[in-house]
Structures are given as structure tokens and as C-alpha cells.
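Trainee: Once you've had a glance at the structure underneath, I'll fire off some questions.
Laboratory data are not the source of any read-out in this text; all were calculated from the coordinates shown. Please read these numbers as outputs of a predicted model, since none were measured by experiment. Using ideal geometry, Cβ is built from the backbone for each residue, glycine included, and neighbour counts are taken over all protein chains shown.
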């Protein structure tokens, strides 16, 4: 097994073949190595009846049929493979589809860029506004003003949990 350095990620090729003579669908997975040599990593054969009966149920149902213990492409790849299978069965002229995937493209799909900035604006609270008649005191928290006049809330015995979506 080869070690791949960051930036030298594998490329994958999937070949989908509709064999009308044997009423089956064949899905082959290849991995491209450093020297651009493709190596067959897996081959799966499906009964055409099952594929044809699953297609009307939609792409998700087809993905669940195409994914097996032996061949389990990532979600993005599996959806594209399922779409290609649907196209094969819609077309009378095409029996083979070849799909090429670069793992680097796959890894970049889910990333977002966040920019840190110091230009955050806060609303300064005047001390007159703090002591309005309709001000409700919450005795479970301790409200404190910092030197800039901002209210800082501290819950007793409470951990702060920050979540960030990517």
C-alpha cells in the first residue's frame, strides 16, 4: 500500500456497464496511482431487474442499492454514479459510462472560508438605559458593565458551548 502525501490525493474512476445479454449492471471502481496507472479495486454485479425497479423510487433509493459491502463510494460520488445509471437505462444507444473523480475536488466541496476581523461594532449602552423602570433583574445571572459600558452576563456554574457550522 502506498502512502499519499497531502496534495497528492488519489483519483478514482468508475466504469458502469449495462450488459443487456446477461440482464445485469456491472460497476467497476479503479484507483489511479502516482504514475497515472489505474488499478481495479472493486467490481460489483447487480441484477438488472432490481436496478430497473429501483430507478422510479429515486436517486437515494438507487444509491442504497449500488452501495454494497464491497463498493461504497462517498455520497457525492454515489449520487453522480446513480444519475449515470439512470441515464444508461433511459438511453437505448449507450451501454457504458466512465466517471472520473479527483479526491481533492471532493475534499474542497465541503469547505468554507471564514475571515476574522477586528471591525466588529457594538452598541454602547448608556448607564441611564440600564436602570429604566421596566428593567427586570435576573437573579440567576450576574450582570456587570465592562470599562466600555457593555453588559457582560455570567451564568453561575454554566459552561459556554460554542458551535460552528462548516
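Trainee: With a 10 Å Cβ neighbour count serving as the proxy for reagent exposure, in which order, fewest first, do 27, 88 appear?
Mentor: 88, 27
Trainee: For 47, 90, what's the fewest-to-most ordering of other Cβ within 10 Å of each Cβ?
Mentor: Taking fewest neighbouring Cβ atoms as first place, the list is 90, 47.
Trainee: Would you mind ranking 85, 63, 39 by Cβ crowding within 10 Å, fewest neighbours first?
Mentor: Least crowded to most crowded, the residues run 39, 63, 85.
Trainee: Between residue 61 and residue 34, how many nm apart are label points set 7 Å from Cα along the C-beta direction?
Mentor: 4.7
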